[in-house]
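Here the structure is laid out as structure tokens; the discussion comes afterwards.
The values are calculated or read from the model by the stated rules, or taken from the named source; none is laboratory data. Please read these numbers as outputs of a predicted model, since none were measured by experiment. In this analysis, Cβ positions are derived from the backbone assuming ideal geometry, glycine residues included, and neighbour counts consider all displayed protein chains. Note: areas computed on protein heavy atoms with side chains; ligands, DNA, RNA excluded. Shrake-Rupley method; radii C 1.70, N 1.55, O 1.52, S 1.80 Å.
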Amino acid sequence: YNTYAFFALYANIDGFSHAEGEIPIHERPEMDRWILSELNHLIRSVEAGYENYEPTLAGRLIEKFVVEKLSNWYVRLNRRRFWKGEQGADKTAAYQTLYKCLEAVAQLSSPIAPFYCEKLYRDLTVNNRGTSANSASVHISDFPKYNEALINMELQEKMEIAQTLSSM
């Protein structure tokens, strides 16, 4: 909720509507590429957890991603990108990246937290994409598909080392 509240506060201040042109992944900063790599790795792992009837494992993976990676690392280290006065490609990329993560988390979590994820998803999509059929409900949206090309295990390992060192 806190990560969404952060996103919503600054997106509303800056008028982010998700109508801006999509910034290509290879042009985004390393932090964006890292969190999108982690997100795609999460999607793959959660999908496997659900397919193996292990919703507890899926829930724990989602929790770890949101708390440790998205909130405590990505948002914390990128706050200044959201606080910038001018609207540019870097700020737009930060919004697009965080939006993508929040939307996917709502979709991934919806089988185990249906009511909260419905609220989160509708708050994200109705305000940013109108009232299209895709934003009608998280439960009728397409389950996220992972993109193997966006998973960069080397980058994830480097970031894990940086996290470990900084927490020491």
Original post:
What single numbered condition from (1) open to solvent by less than 50 Å² (accessible area, probe 1.4 Å); (2) in contact with a helix residue (DSSP H, G or I) (Cβ under 9 Å, 6 or more places away or on another chain); (3) of a type in the set (A, V, I, L, M); (4) without any contact (Cβ under 8 Å) to a residue 24 or more places away in the chain fails to hold for Leu61?
Top reply: (1)
Original post:
Has the range 28-43 got at least one residue that is under 24 Å from Phe115 (Cα atoms) and among the acidic types (Asp, Glu)?
Top reply: no
**OP:** Could you please give the count of residues in the range 133-163 that are among the aliphatic types (A, V, I, L, M) and open to solvent by 100 Å² or more (accessible area, probe 1.4 Å)?
**Re:** 2
Subject >> Test: His18 is open to solvent by 20 Å² or more (accessible area, probe 1.4 Å), in a loop (DSSP other than H, G, I, E, B), closer than 22 Å to Lys145 by Cβ and of a type outside the set (Gly, Ala, Ser) >> reply: yes
